[in-house]
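Below is one structure, written out as structure tokens; the observations come after it.
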Amino acid sequence: RGARLAVVCLAAGLSAAEAWSRSGHERVARVAQELLAGGKHRDKVRSMLHGDLVDLAGWEKTMTEKYQETDALHWHRQEPEWTCGRLRDDKSADLRHLGDNGGHIACDGKSAEGGSLFCALAYFFEHFAHDSLLREFPAPKQPINTPNKLTPLQHLTSAEQTPSHYLRWLAILIGDLHQPLHWLREHDYGRSIKLVYQGQEHTLLSFWEDFIPRNLPPMPATKRLEKEYQDRAPAWWDRLPTELFRDWAKETAEVICDMVYAAMEVNHADGTRQIQQPFQLEEEVYQRWRSMAQDMTTLGGQRLAFVLNEIVEHKKHKAAHREGRGRGHRRRSWSRSLAINAGIAAVLVPSMLMLLRWHAAGGSQVIDRLFRV
């Protein structure tokens, strides 16, 4: 019985170990850290994490080996599951895009399960959000429905559910957000597809999770990363990170159908399309995937840096609120604040002047008589 239990545990451990490898997370972390180094928040982020982003790239593997149920947080699940049916013109498919019929994603148990990737991202971010700053952003057109708890965390100790641990989870999940296969359960996230490259057999998932990240081109130069970040970040400024997670998920999900499975499926004479196994991966397709993985990990690192910068701002707003001080933010217009203060002054100052004049004219005697009564 003990041997049988050991086999079951080993199998479960192997399944969990298939999540995005350390190499992929390390590339995302290095990009983010490079961008944070150019700003004022790198030391603050290190302090909040109780560690270095790059050194924590193996956090996912550490936690899933210790708590196998937390592996569920790294994958998207919905009911019904969506498919790449539009590639095959499969009109019988319930959903041919991420989310519900309207393309919306919310933690409603349908377009996203409460303990899956999108909802975990929202859950961990909201532990760092401050209400006064959230109110500066327009409300999402579609509700997020962030869960109050994540069931896969229920066996973690209290020491493992601290802000530093939650920030580590968030950083890792932003990396997973940019791995296309994490958003489509079809073919068991790619585990059930075999491919052969240069005589070696892989699953589609292991190839994307492990082989490609270990063989990425060199990281782009710092100046290029900073230029791209400066060009991209303004498009994120006016959106809540929880809403950005939804948009970024949709973008990444489109990649899996249009760039991965479309390159593998073969048209047959009867009009059907399918993937022949094992799929023989040609060098041209491999180079396209490698280039795409380079773009996705770079973009993931830039977005991670952006979210971490946002969290530092939320932390500063919390501290200012405790001390009774205001704090500026790019969403907070100085002209709007000036107009509000001017409006208050327009009412308050004349009222105070009238009260002082009334008091000087003997109004205080009236108040004294009222209190005697």
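All of the numbers you see were taken from the coordinates with simple rules; none came from a lab. This one's a predicted model, so the numbers in the text were calculated from it and none came from an experiment.
Structure values in brief
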read-out: Whole-Hz ³J(HN,Hα) from phi, Karplus 6.51 cos²θ - 1.76 cosθ + 1.60, for the range 217-232, glycine and proline x; value: x, x, 5, x, 4, 4, 4, 5, 4, 5, 5, 4, 4, 4, 6, 8
read-out: Karplus 3J(HN,Hα) series, Hz, for the range 277-283 with 6.51 cos²θ - 1.76 cosθ + 1.60 (x for Gly, Pro); value: 10, x, 6, 8, 7, 7, 4
read-out: Sequence-distant aspartates and glutamates (8 or more away, or on other chains) whose Cα lies within less than 14 Å of LYS250; value: ASP100, ASP176, ASP258
read-out: Global form of the range 137-179, assessed from the alpha-carbon gyration tensor, a/c cut-off 1.5; value: prolate
read-out: Rounded Å value of the spacing that divides the Cα centres of the range 236-282 and the range 147-164; value: 32 Å
read-out: Cα-Cα over 28 Å, subset of LYS66/LYS149; LYS149/LYS227; LYS110/LYS149; LYS110/LYS141; value: LYS149/LYS227
read-out: For the range 114-270, projected area of the alpha-carbon convex hull averaged over all directions, nm²; value: 14.0 nm²
read-out: Amide H within-cut-off set for TRP75, under 5 Å, with H built and near neighbours excluded; value: LEU117
